[in-house]
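The values are calculated or read from the model by the stated rules, or taken from the named source; none is laboratory data. A quick note: this is a predicted structure, and the numbers were derived from the prediction, not measured. Positions of Cβ are backbone-derived with ideal geometry, glycine not excepted, and every protein chain shown enters the neighbour counts.
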Amino acid sequence: MKTMWMIRGDAGRLYDEFRDKGVAAIGWRQIAAQAKPGVSRQALTQAYLAAEPGIKEGTAISGASQVFRFVNEVKEGDAVVTYSPATRTYLVGKFTSIARHDPADAEHGMALIRTVDWNTVEVDRDLLSAASKNSLGSTLTVFKVPNFAREELLALVSGKPGKITPVLEKLADEQLDDPLKGLSEIAFERIKDQINRLDWDEMQELVAGLLRAMGYKTNVSPAGSDRGKDILASPDGFGFQQPRIVVEVKHRDGRISSQHIRSFLGGRHKDDRGLYVSTGGFTKDALYEADRANVPLTLWTLEELARTLMANYQETDTITKQLVPLKYFYVPA
């Protein structure tokens, strides 16, 4: 039975880079040069402490342990999975090399690198069972995936999903060290899950509710032809006063392309401000198109939408809170 490892490059922001280059990588450039096969955890910890005077010993031990695992415990032929918070998809593959130090990409969070044969099929997070979602929610950069989650991911990649039976497995030392570590990141991923379950019309109402919480009055288009806009937001609610914000909302439609952005911009007045919301994310070309837009344009993925909701939740109205019920709680700082 092959082991599967989760590798989170820069908290998932290196997902596209991993896929395009056929690699999986981690950072820790402070000790990457010393991280050769056979190096001990203790040696890596001491190197980390020497490279970062004043760092907490627990932080050095945790980082060194993950580097040790990536270099020594991961084997050629092991399965690997990485996650994109922006698109909420998992990429599954197989390691095809040992770890090596890559000084050229160290500044980009890829100081230690392994080649990977990635599968072309990406797994949508919504297709996973709650048990697998929870087990994959650790914020560690490198950790071993529980067998039941590994089996479910491989089944979905092969197109043969089946019922899984969760089995309690031993947690890594880093996870046992502080059970509250990464709690906010895990909660944030759950909030995104909750938002993503909304229907299209509920998503449109959520965006409108957020704009109202931010001080605007909104006019939501009815279902059907909207002539390139779903929501119109402005100080007066009619669009007579500036800023006049024209909003397009796309929910679960996959990544938005540059063509969609050009189409949206084509109907805009020079004094308009644009907001394009896509819970499926945007292609690189779409991001480029938005940067060179002839009117100010902001793009929200599910990530930005969730962060904006959290930042403005106290000011949202009852209807908006009912769409995504949340509650505050305190943990030690």
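Apart from one condition, LYS133 fits all of (1) at pLDDT below 95; (2) of a type in the set (D, E, K, R); (3) more than 21 Å from the chain's Cα centre (by Cα); the exception is (3).
Looking at LYS94, is it assigned by TED's automatic domain parsing to the domain that holds LEU112, under 30 Å from GLY280 (Cα atoms) and in contact (Cβ under 8 Å) with a residue 12 or more places away in the chain? Yes: the conditions hold for LYS94. Across the stretch 92-122, the qualifying residues are those that are among the small types (Gly, Ala, Ser) and part of a helix (DSSP H, G or I), and the one among them that is nearest to ILE31 (Cα to Cα) is ALA106.
For the stretch 146-169, name all the residues that are within 27 Å of VAL67 (Cα to Cα), in contact with a helix residue (DSSP H, G or I) (Cβ under 9 Å, 6 or more places away or on another chain) and at pLDDT below 90. Within the stretch 146-169, VAL167, GLU169 meet the criteria.
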